[in-house]
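Structure record follows, encoded as structure tokens.
Since every read-out is calculated from the coordinates, none of them should be taken as a lab result. The structure displayed is predicted, hence computed values, not measured ones. So basically every Cβ, Gly included, is an ideal-geometry build from the backbone, and we count neighbours across all protein chains shown.
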Amino acid sequence: MVLKPRREVGFVGYGAYVPRYRLPNAEVARVWMQGQGSTPIKEKSVAGLDEDVVTMSVEAARNALSRAGPVDPNQIRAVWVGSESHPYAVKPTSTIVAEAIGATPYTQAADWEFACKAGTEAIQAAIGFVGSGMARYALAIGSDVAQARPADALEYTASAGSAAYLVGPAREALATFEGSLSYATDIPDFWRRAYQRYPSHGGRFTGQPAYFTHIVEAVRSLMECLGTEPPDYRYAVFHQPNVKFPISVAKQLGFTVEQVQSGLLVNEIGNTYAASSPLGLTAVLDIAEPGDRVLLASYGSGAGSDALSIRVTDAILERQRLAPRTRDYVTRRREVDYAIYARYSNKLVR
Amino acid sequence: MNSVPRNWRLRQQRYRLVGEICESCGVRIFPPRDVCPECETMEQKEVAFSGRGEVYSYSTVYHPPRGFEEFAPYTVALVRLEEGPLVTAQLTDLDSEQVKIGMSVEMVTRRMQSGGEEGPIVYGYKFRPAIQPAAA
């Protein structure tokens, strides 16, 4: 069941990006709930007028390359972008990103899709691509400008962000890859049909049978295959659609709140969909120390979870400062009200 | 700006700030051109600039030319790149009252034009205030 290539591989670079604008949950509640009721998070990130999955992916990718040391972008044989909000229905995001980072033309550019786990599946594929010897480097990105119908429960959390990982040989890596496992079944918890602007969701399907079952099964099976236990990990990062779910799934699996705290960004930036758990991991790598083990588990509606186990190497210490840290983007904060948010997220017609 | 072939032809300089170094006199050139504006020779080598620079001068646009209405009001600046060339570009990720002559900026790749509902999206360089490290 465990997914692991014969050749040793790891993350050679990583990079984060979060837009500058923040919409407080109190603003959403003010407009639709007369300010009443509980809200799932404090605030969420909002992409600016000139931002989309391409621009956010480019910046995260540049940060990943800055941390990779002397990697020639022409040696990157794959640029893969996972998202559910690619700017074009037909025309790849990945070719634009590859061009902007100088990886063209000898590169396998492609876009990936699977709700909130499109980023981690691109990471797994990149591990296979490098691990098989087909490529020396492959770049995997999770990126989204998530859309939510006005007044829908998702409007409190659907946000924007991007995280990029350059996969390469283990001897150059800041974190080596120990193993991965995916768990997927057909679940009607969340979907968006063609030509629709906003997604729909299946009420009570989103919790126990979807998020919890898939993450718990993926993580338990992975740890069983690797012979690891929760205390073996310094940090654990789970997909974070709200604050409650990742903490609850951590406890079910036997992890402590301390283990998930460092990678839990949702209260400050919202649910960045395909970037959600990958951004949690960039926040952890920003503060990780050599020898730390980290567990990552994504969740994508529809549904599936990819679980990965990595171990941080000595190289981390000199690489962390080579690009802006996740926290630098989180604290670069400009609050907007619902009216500006409506303009920025293209909800106003003129 | 909205010419599809022109946007395609200029993508390297627009996405990555690819300019030139004159191999004869060493001056840095942006945008790329056939003849060096300093020594008038034709030997140039392509180079991607760092994207770091500072605001030399600026103006805020409230009545934009056609094709840029979606971003107005926005600030356009002359940015002195650390390699030397002066580049005209939009500033982004800031409020117009924040702009100061001499402020440090860095290049980002952003949407220049969204092309309505059906057209091609144009991406290119803009500059924003350099990211400050968060307090530890």
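A few points about this structure:
- Of all aspartates and glutamates in the structure, those lying under 13 Å Cα to Cα from B:Lys100, and not within fewer than 8 positions of it along the same chain, are B:Glu54.
- This model, with +1 at the C-beta of Lys and Arg and -1 at the C-beta of Asp and Glu, gives chain B a dipole about its Cα centre of some 200 debye.
- Relative contact order computed over region A:1-343 (Cα-Cα under 8 Å; 6+ residues apart), in percent: 26 percent
- Rounded, prolate or oblate (a/c below 1.5 giving rounded, otherwise prolate when a/b exceeds b/c) for region B:4-129 by Cα gyration tensor: oblate
- Filtered chymotrypsin sites (Phe, Trp or Tyr not before Pro), region B:44-88: DSSP coil and at most 10 other beta carbons within 10 Å: B:Tyr62
- Formal net charge of residues neighbouring A:Asp232 (Cβ-Cβ distance under 11 Å; K, R +1; D, E -1): 0
- Within chain B, longest stretch clear of exposed trypsin sites (Lys or Arg not before Pro) (DSSP loop, no more than 11 other Cβ within 10 Å): B:1-65
- Among A:Leu295, A:Thr95, A:Thr176 - extreme Cα towards positive end, dipole of chain A, charges at beta-carbon: A:Thr95
- Ranking of A:Ser57, A:Ser162, A:Ser277 by neighbouring Cβ atoms within 10 Å, starting from the fewest: A:Ser277, A:Ser57, A:Ser162.
- Within the protein assembly as shown, the ratio Rg/Rh, alpha carbon atoms throughout and Rh by Kirkwood, equals 0.97.
- Candidates B:Ala48, B:Ala77, B:Ala89: whichever shows maximal mean-square fluctuation once chain B is modelled as a Gaussian network with Cα springs under 10 Å: B:Ala48
- Within the shell of other residues whose beta carbon sits under 14 angstrom from the beta carbon of B:Pro73, the net charge comes to -4, with Lys and Arg scored +1 and Asp and Glu -1.
- Each Lys and Arg Cβ is given +1 and each Asp and Glu Cβ -1; about its Cα centre, the protein assembly as shown then shows a dipole of about 460 debye.
- Footprinting exposure proxy for A:Ile41, A:Ile76, A:Ile141 (fewest neighbouring C-beta atoms within 10 Å first): A:Ile41, A:Ile76, A:Ile141
- Under the combined filter of DSSP loop state and at most 13 neighbouring Cβ atoms within 10 Å, region B:10-59 retains these GluC sites (Glu not before Pro): B:Glu23, B:Glu38, B:Glu40, B:Glu43.
- Helical runs assigned H by DSSP (4 residues or longer) give chain A a calculated mean residue ellipticity at 222 nm of -8500 deg cm²/dmol, each run adding -39500 (n - 2.57) before division by the residue total.
- The local environment of A:Ile316, defined by Cβ-Cβ distances under 9 Å, has a net charge of -3 under the rule Lys, Arg +1 and Asp, Glu -1.
- When only Cα pairs below 8 angstrom with a gap of at least 6 residues are kept, region A:95-181 shows a relative contact order of 23 percent.
- Two-site FRET efficiency, B:Val27 against A:Glu289, from Cβ-Cβ distance with R₀ of 51 Å, rounded to 0.05: 0.65
- Projected area, mean over directions - region A:216-350, Cα convex hull, nm²: 10.1 nm²
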